[in-house]
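What follows is calculated from the coordinates using simple rules that are stated; it is not laboratory data. Note that the structure is predicted; figures quoted are calculated from it, not measured. Cβ placement follows ideal geometry from the backbone for every residue including glycine, while neighbour counts extend to all protein chains displayed.
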Amino acid sequence: MAVFPLKPIKKILKKHHRGEISSETVSYVETALEHFTELLAKAAEKEFSDINKQRVITGLPPLKRLNKTTFQITWQKIYKDTNNKNIVGEVGNHNTTLLCQDGANNE
């Protein structure tokens, strides 16, 4: 049973490809969306927990509902991490030393 409706996925894919799109492709994208949503939800839950800890420390009551702001913060962090080419261990050790414009090495 599909979690996401397949017609909108196919419609989105057709916006970028004028030819035929196989049902296997649509199914694969649907599965990828499920996995991504799962990762986003787990990361958002951790972020929500961290936000509530900070609220309690500052004397504010904890939030009860998972809100849009938590997902926005989480998505920004995920997006930033995927675009950061200087992550050690993720991309490789070749990016551990950066060369500045003046030629100085920075770790």
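The trypsin sites (Lys or Arg not before Pro) of segment 1-84 that meet both conditions, a loop assignment by DSSP and at most 15 other Cβ atoms within 10 Å of the site Cβ, are Arg18, Lys64, Arg65. Which parts of segment 1-41 would a label at Lys77 reach, counting a residue when its backbone N lies under 19 Å from a point 7 Å out along Cα-to-Cβ? It comes to 36-41, nothing else.
For segment 6-82, the Cα-based Rg and Dmax, in that order, read 17.6, 58 Å.
With a simple spin-label model that places each label point 7 Å from the Cα along the Cα-to-Cβ direction, the separation between Leu33 and Ile51 comes to 2.4 nm.
Using the Cβ of Arg55 as centre and a radius below 14 Å, the other residues enclosed give a net charge of +1, where K and R count +1 and D and E count -1.
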